[in-house]
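Peer 1: Structure incoming, see below.
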């Protein structure tokens with residue numbers, strides 16, 4: 001086997017590996033409209049139980065007490081990517097476990113206790129943190145709901 005055949009084979013293997021990796025990354029990411037309903041806003045108050053500071057999105061989990069049943073349900077909220085939140089002043093430890101927050105966002109289409117956060121407001125200080133997770137959202141969380149896609 002010649003050197004050029006080996007080089008060509010190695011390049012083809014590298015190209016195939018890169019294409020497979022890109023395809024997996026694209027498939028892992030989703031559009032706002034595919035997962036969340038811009039016609040179903042949600043506003044919930046609760047206590048932070050978990051913060052996942054990971055790519056491609058930061059997630060917070062909040063225990064919310066249902067006013068009708070007095071049952072506590074854990075809600076998960078998707079926010080923006082870590083680098084975007086950091087640019088707006090967030091830090092990995094900006095929210096503490098046990099802290100009470102108000103979350104504005106949109107409900108998940110699948111009916112689960114999850115949503116896309118637009119803004120997070122700390123009960124202790126009134127500070128508003130933009131969640132910046134969906135198309136058209138600002139880091140202050142003041143943009144209108146994204147258009148249906």
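Peer 1: So residue 119 passes all but one of these: (1) over 16 Å from the mean Cα position of the chain (by Cα); (2) modelled with pLDDT under 95; (3) closer than 14 Å to residue 45 by Cα. Which condition number does it fail?
Peer 2: Residue 119 satisfies every listed condition except (1).
Peer 1: Consider residue 63 against the criteria (1) farther than 14 Å from residue 131 by Cβ; (2) modelled with pLDDT under 90; (3) in contact with a strand residue (DSSP E or B) (Cβ under 7 Å, 6 or more places away or on another chain): it satisfies all of them except one. Which criterion is unmet?
Peer 2: If we test residue 63 against (1) farther than 14 Å from residue 131 by Cβ; (2) modelled with pLDDT under 90; (3) in contact with a strand residue (DSSP E or B) (Cβ under 7 Å, 6 or more places away or on another chain), just (2) comes out false.
Peer 1: For the range 100-120, give me the residue count where each residue is surrounded by 15 or more Cβ atoms within 10 Å (Cβ to Cβ) and free of Cβ contacts under 8 Å to residues at least 60 places away in the same chain.
Peer 2: 7
The values are calculated or read from the model by the stated rules, or taken from the named source; none is laboratory data. This structure is a prediction, so every number in the text was calculated from the model and none was measured. Virtual Cβ from ideal backbone geometry, glycine too; neighbours counted across all protein chains shown.
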